[in-house]
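Everything below concerns the one structure shown next.
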Amino acid sequence: MSTEDRRKQFKLYKEDVQRRGKPFYPHAMFHDTVMSLVVVSVIVALAAIWYFDSGPEPGDSGLLGPRYTEEADPGTTTFIPRPDWYFFFLFYLLVIFKWPESVILATIGIPTILLVMLIAVPFVDRRRERRLSRRPVAVVAALLVIASMGILTYKGATKKESLGSENVAKVPEWIEAQKLPAEAEPGATIFAQLPCLGCHSYLGTGGGFPGAPDLSAEGARGRGIQYQIDHLKCPSCVVPGSAMPPYDGLTDQQLQELAVFLEASKGSEGG
């Protein structure tokens, strides 16, 4: 069929739609039903493959991953949290805008601006031209969006991180500011690696959970090494109603080192 014939057929189709209309039933309803069945079928098929291809024991992984995994350990010092793959682009934006003042720009500002621009496109460009060769601005913009999302996702997926790298880098500053003894350094490193600073604060670092005390002068309270160990193992046993998770997954040596660090942290009084 020639180009001229296709144009005639399309013109007849548009005239017919304009004259008789195109009812929701059965046209659009049929399309929606078929697409819904396809999506559900794919989900069921993937779930079946995941279930029957993986073993019943934790760690028995199949084509789509393990059926069961080990229980999460809140006291681990080796786990590096990573976002799901569809958030890798946003994750890498935080790497680029790593300064605290620019976090809002990376997480809210840039995605919101781009989304608003995308929503505004149909209202700004009202031309009826659909051929890609006649829409260079739209084509270039689409390619740039796809390329930027792809590159940011790839960079986020391949980024290598060291455990608690930002907090661990501050350990020497803590030692100098608090005049910590040498035996407190291992505990300071463990403290920086654990998610403690997600709730507590220490010399201006961390914080964010209401009610979680600042630990910069924890040692000045004179609670003792054993108190710190018992509290780390079972916070709610020592402080009834405490929302702090237990760190019973730490070894006795790690608990001892962490307790030594906390007791050596005496704030303005020095170590």
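Observations
- Count of region 129-154 residues, restricted to those that are β-branched (Val, Ile, Thr) and surrounded by 12 or more Cβ atoms within 10 Å (Cβ to Cβ), is 4.
- Test: residue in region 70-85 that is of a type outside the set (Ser, Thr, Tyr), over 30 Å from Ala141 (Cβ atoms), modelled with pLDDT of 80 or more and outside any loop (DSSP other than H, G, I, E, B): no
- Filter result (closer than 10 Å to Tyr92 by Cα and either hydroxyl-bearing (Ser, Thr, Tyr) or modelled with pLDDT under 85 (or both)) within region 136-154: Thr153, Tyr154
- Checked against (1) in a helix (DSSP H, G or I); (2) over 32 Å from the mean Cα position of the chain (by Cα); (3) at pLDDT below 90, Gly271 meets all criteria but (1).
- Residues in region 193-214 that are crowded, with 20+ Cβ neighbours inside 10 Å and either of a type in the set (A, V, I, L, M) or not assigned by TED's automatic domain parsing to the domain that holds Ala169 (or both): Leu194, Leu197.
- Test: residue in region 100-119 that is surrounded by fewer than 12 Cβ atoms within 10 Å (Cβ to Cβ) and outside any helix (DSSP H, G or I): no
- Any hit, region 224-244, residues being over 20 Å from Glu173 (Cβ atoms), out of contact with any Lys or Arg (no Cβ under 9 Å at 6 or more places or on another chain), surrounded by 13 or more Cβ atoms within 10 Å (Cβ to Cβ) and among the charged types (D, E, K, R): yes
The values are calculated or read from the model by the stated rules, or taken from the named source; none is laboratory data. From a predicted model like this one, the values you see are computed outputs, not experimental measurements. When we count neighbours, we look across all protein chains shown, and the Cβ atoms used for this are built from the backbone with ideal geometry, even at glycine.
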